[in-house]
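Heads up: the structure comes next, in structure tokens.
The values are calculated or read from the model by the stated rules, or taken from the named source; none is laboratory data. Computed from a predicted model, the values in this text were never measured in an experiment. Note that we place each Cβ from the backbone using ideal geometry, even for glycine, and neighbour counts take in every protein chain shown. We work out accessible area using only protein heavy atoms, side chains counted, and drop any ligands, DNA or RNA first. Shrake-Rupley method; radii C 1.70, N 1.55, O 1.52, S 1.80 Å.
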Amino acid sequence: MALLEVNGIIKRFGGLVAVNDLSLSLDKGQILGLIGPNGAGKTTAFNMISGFYKPDEGEVNFEGEKINGLRPDQICKLGLARTFQVVKPFPRLSVRDNVMVGAYNRTNKRSEARKKALEIIEFLGMQDLSEA
């Protein structure tokens, strides 16, 4: 079973079809890029997957459960969140502590947030920068 499955999602804004029949599948540990020119519907697709927009048609499944129709905060608590193009780290925090900020979406425990942050930093091969 795929971690994320998008099946035939469509989003219309009046007469404009911003996303037309997008399907994709993403397995755990896989990294996938979505590319295209300005106006191609990339941001609209991410907004549908993360719950900011509800697809007019199609379905989004995360870990085998249908998530379209859920609010962004509900989807985030399941473990799926989006970031925005203008990313600004907290300048007085280390890389590890910046990554920990995101981990607090899933836990209130510092030890668990730290453990998850270190796992992510290792996955990205950034161990040497952890304390920077």
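Taking the Cβ-Cβ separation of Ala2 and Leu34 as r and a Förster radius of 22 Å, what is the calculated FRET efficiency to the nearest 0.05? Intermediate results must be reported in sequence, preceding the final value.
Working: r = 16 Å, r/R0 = 0.71.
Working from the Cβ atoms, E equals 0.90.
Mean projected area of the Cα convex hull of the chain, taken over all directions, amounts to 9.2 nm². Ignoring everything except DSSP H segments at least 4 long, calculate the 222 nm mean residue ellipticity for the chain; use -39,500 (n - 2.57) per segment, divide by total residues, nearest 500. Only helices count here, giving -8500 deg cm²/dmol.
Taking other residues whose beta carbon is less than 11 angstrom from the beta carbon of Val6, and scoring Lys, Arg as +1 and Asp, Glu as -1, yields -3. Here the chain has 53 percent of its accessible surface on carbon and sulfur atoms, given a 1.4 Å probe and all protein chains in place.
Highest mean packing comes first when the peptides 59-69, 42-52 are listed by Cβ atoms within 10 Å, giving 42-52, 59-69. Using Cβ point charges alone (K and R +1, D and E -1), the dipole size of the chain about the Cα centre works out to roughly 560 debye. Shape analysis of segment 9-53 places it in the prolate category; the axes a ≥ b ≥ c from the Cα gyration tensor give an a/c of at least 1.5, with a/b above b/c.
Net charge within 14 Å of Leu129 by Cβ-Cβ distance, Lys/Arg positive one each and Asp/Glu negative one each, not counting Leu129 itself?
Details: positive: Arg96; negative: Asp97, Glu122, Asp128, Glu131.
Result for the neighbourhood of Leu129: -3.
Over segment 81-128, accessible surface divided per residue gives 84 Å², non-protein components excluded, 1.4 Å probe. Counting Lys and Arg as +1 and Asp and Glu as -1 over every other residue whose Cβ lies under 12 Å from the Cβ of Lys109, the net charge comes to +4.
Expressed as a whole percent, the proportion of Cα-Cα pairs in segment 62-132 lying more than 19 Å apart is 44%.
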